[in-house]
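The values are calculated or read from the model by the stated rules, or taken from the named source; none is laboratory data. Worth saying up front: this structure is predicted, and the values here are computed from it rather than measured. Using ideal geometry, Cβ is built from the backbone for each residue, glycine included, and neighbour counts are taken over all protein chains shown. When the accessible area is computed, the model is the full protein with side chains, heavy atoms only, and any ligands, DNA or RNA have been set aside. Shrake-Rupley method; radii C 1.70, N 1.55, O 1.52, S 1.80 Å.
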Amino acid sequence: DFFGTAPGLQPVNALAFGVDAQRGELVSRWPMPFARELRFVLIATGSEALRARLEVRSEAQRFGPDSLLFYAHWHAPERHPSEPNHEFTLAELHGDGLFVGTLLNVANPLPAWWGEGDEKIWIDRDSFPSFFGTGTEDYFGYAYCSNERFSESYIGQTLSGERQNFGRSSLYRIHAADPIRFTSRLRFELEVVHWAKTAEPVALDGLVY
């Protein structure tokens, strides 16, 4: 998920990360400032042994009291009914920072469009969202339940299901050119609006940077 590919290895060619699925290479280009030390930990959660080669590139930079640390937050899968329309809170962040990216994974059990809901981003003491979008497909840069796979610098759909996005989809959007500043709190909500009215839920998970 961190590298914009989920589930499995899908080709990714984004500004902030990339995946060479054929060679099994995952690259992160996010700046990750640190004051004194940096530590990487890889944890194998399955039963098979983990083998990996890690390469780190760093350069000296001034680190001061105004420097921002890097943070990524993963939201575990949640199952959501198709009705009534409601919000899925992908992340609620507290502190002072910049919101710079989103990854969303969807498991859609029905051949009907799942992403009509709007994105809403609440900043600091908002009584109404500072950012109120026009639909999930617009936020991720395409129109009406496209099944096309694509990976561009700022937007991508690296996995898509069958007709009307039945099955699994994975999408990302990078806010490097339009970061969203918050000083105390940021809440990112996606409205769950599914065209099929059924008891079968859609599963959502994702990550914010």
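Structure notes:
- Relative contact order (%) - the chain, alpha-carbon pairs under 8 angstrom, separation at least six: 32 percent
- Residues whose amide H comes within less than 5 Å of that of D118, counting only those at least five positions distant or on another chain, are E191 (H built at 1.01 Å from N in the peptide plane).
- Scanning residues 5 or more positions from L159 or on other chains, those with amide H under 5 Å from its amide H are S170, with H placed 1.01 Å from N in the peptide plane.
- Most fluctuating residue given options R185, R51, R79, as computed from a GNM of the chain linking Cα atoms under 10 Å: R51
- Distance histogram in 5 Å bins (all Cα pairs of the stretch 123-181, percent per bin): 4, 16, 23, 21, 15, 10, 8, 3, 0
- Under a Gaussian network description of the chain, with springs only between Cα atoms under 10 Å, the residue in P109, P65, P129 that fluctuates furthest is P65.
- Simple label model, 7 Å out from Cα along Cβ direction - A76 to L98, nm: 3.2 nm
- Cα shape, the stretch 1-76, gyration tensor, a/c 1.5 rule: prolate
- In this structure, the amide hydrogen of R185, modeled 1.01 Å from its nitrogen in the peptide plane, lies closer than 5 angstrom to those of G95, D124, counting only residues at least 5 positions away or on a different chain.
- For the chain, the longest site-free run once GluC sites (Glu not before Pro) in DSSP loop states with at most 15 other Cβ atoms within 10 Å are removed: 60-147
- Computed extension length for R36-T89: 15.7 nm, one decimal, from 0.36 nm per residue of separation with the Cα-Cα distance subtracted.
- Per residue, the chain exposes 59 Å² of accessible surface when a 1.4 Å probe is rolled over the protein heavy atoms with every protein chain present.
- Stretching A44 away from S28 to a fully extended chain increases their span by 3.9 nm, per 0.36 nm per residue minus the current alpha-carbon distance.
- Comparing V41, V106, V27 in a Gaussian network model of the chain where C-alpha atoms under 10 Å apart are linked, the largest mean-square fluctuation is found at V41.
- Rg ratio (alpha-carbon, reference 2.2 N^0.38 Å) - the chain: 1.07
- Surface composition of the chain: carbon plus sulfur atoms contribute 51% of the solvent-accessible area (1.4 Å probe, protein chains only, all chains present).
- Cα gyration tensor shape for the stretch 29-122, rounded if a/c is under 1.5, else prolate or oblate: oblate
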